[in-house]
Amino acid sequence: MKIISKLEYAKQLLKKHFGYDTFRKGQEAIISNILNGKDSLGIMPTGAGKSICYQIPAIIFDGITIVISPLISLMKDQVDSLNQIGIPSTYINSSLSSKDYLQTMENISLNMYKIIYIAPERLLIDSFLNLLSTLNISMIAVDEAHCISRWGHDFRPSYTEIANVILNLKTRPIVTAFTATATENVKNDIINLLHLDNPFELTTGFDRANLSFIVKNIENRSEFIYEYIKSNLDKSGIIYCLTRKTVDKLYSNLKLLNYSVSRYHAGLSEKERTKNQNDFVYDKTTIMVATNAFGMGIDKSNIRYVIHYNMPKDIESYYQEAGRGGRDGDKAECILLFKRSDIVTNKLLIEQSQSASNHSKDYEKLNEMVDYCNTDKCLRKYILEYFGEKPEFDKCGNCSNCTSDIEVTDITEDSKKILSCIKRMHEGYGLGLVTDVLKGSNTSKIRSMKFDTLSTYGIMNYYSKDTIKDLISYLVTENYLKYVGNQYPILSLNSSAYDVLFKNKTVTIKRKIERIDAKQSNLSEDAIHKQDTDFDNKLFDILRNLRMELSRKYNLPPFIIFADVTLKQMARLYPTSENEMLMINGVGEYKFKEYGEDFLEVIKKYVSENNIDLSEIKQRQINANTNTKNDYSVMSSSAFSDLNNNNIKANLNKTSSKTNKAKKEDTKQISYNLYLQGLSIEEIANERNLVKQTIENHLLECYKEDFEINLDKYIHSEYKEMIFDAFKKVGTDKLKPIKEILPPEVSYFDIKYYLICYLKNSM
Ligand code: ADP
Ligand code: ZN
């Protein structure tokens, strides 16, 4: 049996249960310390993946892990998610009926769970403490650990009980603590009050690279919001307002405009709040208009924008609220709409608040918030410095201040293409379809409407769809275009558009516009699907609908079934077999068992109905994994497992004859046929007028792909052990370092051959 390290095992579990291939920054360090029995403190921003840091060790430990969290509203979702992926878990908090409570206590005593979530108040209840003392507890994980400190912004007295409870346990479990916000004072409180024993400390920093920070000082905020929502119709977002009144007003206006919107503030009944929150979390509505009462305990991962209709009271609140965007790691925009009148409103709120003693502190924080709105420095840097970090960059390139001093780019030509395309489509369609036409998407809708015969069809295929959409939205903001129509926003030209089309008016933008590189833009439309930011929108929508159906059927929030990023990857790679599905990030064995077949079925149907050429897509996937310098110069294990997959292999062999790859397939096949006729490598090379190495590579490829082939007589098996040792020393990612530590007489051919054997066996 192969012996593997604990961390290696942890990685296998990450794939098996969560469907992820690698740990994120920080996760690996903290998990290996926990697995080595060390108390640990993780300070990681929202969305960094703190939960996995204690969940994976919890599966590995013999006993039970108790997770203490104040976020009662989150527990059910967290526990549902864990059970979904094969990690038996439960929770105890005040929301349980007495019947459920008793049942859960009994199940716990029967040792039915690996992870138990509890609210800190449980630690004050004797019956629960009695139960705890009978259990084999391996770890206590304290989530939102800043709640233990009076310096923190949400102090919970019951947190101070935790240390006592631990002291009274028969054996002391490992104690771990996690939080997203911790100043030096808070951190010291956590360590001291929890009695952490010489803990491993990890701070991954506060930066959230996938968030764009934008400040806008504009007169008409509602107008901005209407336009913004129109260009982001299918995306989930939160709009924070300072007062209940503003929430109600904005909510009714959006409702009047027929948007899918919910609201949340402390003035609503609890019943209504719960319903509205659920509607938003379950994707039944896409927009949430709320006061800062909303969001604590929401871990909806696919929030694509957080707009602050008003400036909030301090940077802590702002960063916490804005940070609710993009937890899945995908891009999100954090937009703060600032007006000087917000300062007055905030001052009033400070005056009205009870704790008179802290007013001066509150004013100070408010001033820093105003500075954020006025600074012309990098906004990200401003925030990070506020939290005590010393960022190494001056400009992040991803905030409104960094992008505003970027040289202006002339986009007149692109604008003309967009405007004339809309004109040619008789100003009758929305953002999605116009983008598809400009991009040259090959969809049945476009074919049936004959848009593929327009001269503007595919005329902007050198941009990703996102970029095209950005440009169109920019033309809307700049009033060249407007949206008309109520139910479906339809793009229509304003008079200034004609100045661009016919009077040589120039259009500029203060932004870099990224082109897809020239090589790729020559490829066909579906080749461009490969772009990381690009995916098949149609399929994505279909997958989302399926997810929605399943969400209703099992009464689970959609993001618990699969995250948006996971669906996007499916809509990019078109997995059609179990193996391929399991390679998608976010699809583990358990989720596959639960939903895999449903998704496969839909994808297969889509692929066949739309005549999508899978062989090309899968081939590109392989190419993306295998460096093209030399067929074998880089061969990662994952590239190899792609190749080993029967489905892909079958597709590989029927690759369309137009492509270079196909030519290469043919040439390999010819060498193989000659090999079958009994010719030696030299003879094949002579016969074909090719160099020996080329033939060797052809035959190695055949061997790799499990063709009927035996290369024994060409291989120097006496080097085998030496070569395998070299793999262990320098890894198998690159050939050159392997060759360099071996004696010169060991040929690349031998190395490549054994590399294939090695990778085949280590699967
Ligand atoms: P936090 O508690 O730090 O705010 P979560 O634990 O909720 O963050 O994780 C945020 C998101 O990141 C979740 O959707 C989670 O599944 C995902 N995630 C966590 N770790 C990884 C990983 N190693 N690879 C990919 N996604 C991950
Ligand atoms: Zn910046």
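Just a yes or no: is a residue in region 163-175 closer than 23 Å to LEU71 by Cα, among the polar types (S, T, N, Q) and surrounded by 15 or more Cβ atoms within 10 Å (Cβ to Cβ)? Reasoning before the result, please.
Here is the first cut: in region 163-175, the ones closer than 23 Å to LEU71 by Cα are 163-166, 173-175.
Add one more test, that the residue is among the polar types (S, T, N, Q), and what stays is 164.
Then keep just the ones that are surrounded by 15 or more Cβ atoms within 10 Å (Cβ to Cβ); that gives none.
Within region 163-175 (the criterion being closer than 23 Å to LEU71 by Cα, among the polar types (S, T, N, Q) and surrounded by 15 or more Cβ atoms within 10 Å (Cβ to Cβ)), the answer is no, since none of the residues qualifies.
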Residue pairs, Cβ under 7 Å, 6 or more apart or interchain, first in region 368-397 and not assigned by TED's automatic domain parsing to the domain that holds CYS334, second away from ligand 1 (no atom under 16 Å from the Cβ) and open to solvent by 40 Å² or more (accessible area, probe 1.4 Å). List them.
none
Within region 389-414, can you find the residues that are under 27 Å from the mean Cα position of the chain (by Cα) and part of a loop (DSSP other than H, G, I, E, B)?
GLU389, LYS390, PRO391, GLU392, PHE393, ASP394, LYS395, CYS396, GLY397, ASN398
Those residues of region 327-356 which are within 30 Å of LYS76 (Cα to Cα) and within 16 Å of ligand 2 (Cβ to nearest atom), in sequence order
LYS331, ALA332, GLU333, CYS334
Taking THR345 as the residue in question, decide whether it is in a helix (DSSP H, G or I), assigned by TED's automatic domain parsing to the domain that holds VAL500 and modelled with pLDDT of 85 or more.
no
Filter region 397-447 for residues that are open to solvent by 10 Å² or more (accessible area, probe 1.4 Å) and of a type in the set (A, V, I, L, M, F, W, C); which is nearest to CYS334 (Cα to Cα)?
ILE406
Those residues of region 176-192 which are in a loop (DSSP other than H, G, I, E, B) and open to solvent by less than 70 Å² (accessible area, probe 1.4 Å) amount to ALA180, THR181, ALA182
Can you name the residue in region 286-324 that is within 21 Å of HIS146 (Cβ to Cβ) and among the small types (Gly, Ala, Ser) and is also nearest to the chain's Cα centre (by Cα) among such residues?
GLY323
Do you know which residues across region 415-445 are of a type in the set (Val, Ile, Thr) and in a helix (DSSP H, G or I)?
ILE418, ILE422, VAL434, THR435, VAL437
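For region 518-563, list the helices (runs of 4 or more DSSP H) that sit wholly inside it and hold at least 3 residues that are at pLDDT below 55 and away from ligand 2 (no atom under 16 Å from the Cβ); which are they? Walk me through how you get there before you give the answer.
Working: elements: 518-521, 525-528, 537-554, 558-561.
Helices (runs of 4 or more DSSP H) meeting the threshold: 518-521, 525-528.
Scan region 159-193 residue by residue and report those that are polar (S, T, N, Q) and more than 31 Å from the chain's Cα centre (by Cα).
Step one: list which residues in region 159-193 are polar (S, T, N, Q), which gives 160, 164, 168, 171, 176, 179, 181, 183, 185, 188, 192.
If the condition is that a residue be polar (S, T, N, Q) and more than 31 Å from the chain's Cα centre (by Cα), then THR160, ASN164, ASN168, THR171, ASN185, ASN188, ASN192 are the ones that fit.
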Could you tell me whether CYS399 is more than 14 Å from ligand 2 (Cβ to nearest atom) and touching a strand residue (DSSP E or B) at 6+ places or on another chain (Cβ under 6 Å)?
no
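Is region 206-213 home to any residue that is of a type outside the set (D, E, K, R) and surrounded by fewer than 17 Cβ atoms within 10 Å (Cβ to Cβ)?
Of all residues in region 206-213, those of a type outside the set (D, E, K, R) come to 206, 209-213.
Checking which are surrounded by fewer than 17 Cβ atoms within 10 Å (Cβ to Cβ) leaves us with 209-210.
Yes: region 206-213 contains one or more residues that are of a type outside the set (D, E, K, R) and surrounded by fewer than 17 Cβ atoms within 10 Å (Cβ to Cβ).
Is there a residue in region 40-49 that is more than 23 Å from GLY323 (Cα to Cα), open to solvent by 10 Å² or more (accessible area, probe 1.4 Å) and touching a strand residue (DSSP E or B) at 6+ places or on another chain (Cβ under 8 Å)? If you could, list the steps in order and put the result at the bottom.
Keep residues of region 40-49 that are more than 23 Å from GLY323 (Cα to Cα), which gives 40.
Now drop any that are not open to solvent by 10 Å² or more (accessible area, probe 1.4 Å), which leaves none.
No, region 40-49 has no match at all.
Would you point out which residue out of ILE116, ILE59, ILE108, ILE66 is closer than 25 Å to GLY26 by Cα and either at pLDDT below 95 or in a helix (DSSP H, G or I) (or both)?
Working: ILE116 fails: either at pLDDT below 95 or in a helix (DSSP H, G or I) (or both); ILE108 fails: closer than 25 Å to GLY26 by Cα; ILE66 fails: either at pLDDT below 95 or in a helix (DSSP H, G or I) (or both).
None of the other options fit; the residue is ILE59.
The values are calculated or read from the model by the stated rules, or taken from the named source; none is laboratory data. All of these numbers come straight from a predicted model, not from anything done at the bench. Heads up, the Cβs are rebuilt from the backbone with ideal geometry, glycines too, and the neighbour counts pull from every protein chain shown. We work out accessible area using only protein heavy atoms, side chains counted, and drop any ligands, DNA or RNA first. Shrake-Rupley method; radii C 1.70, N 1.55, O 1.52, S 1.80 Å.
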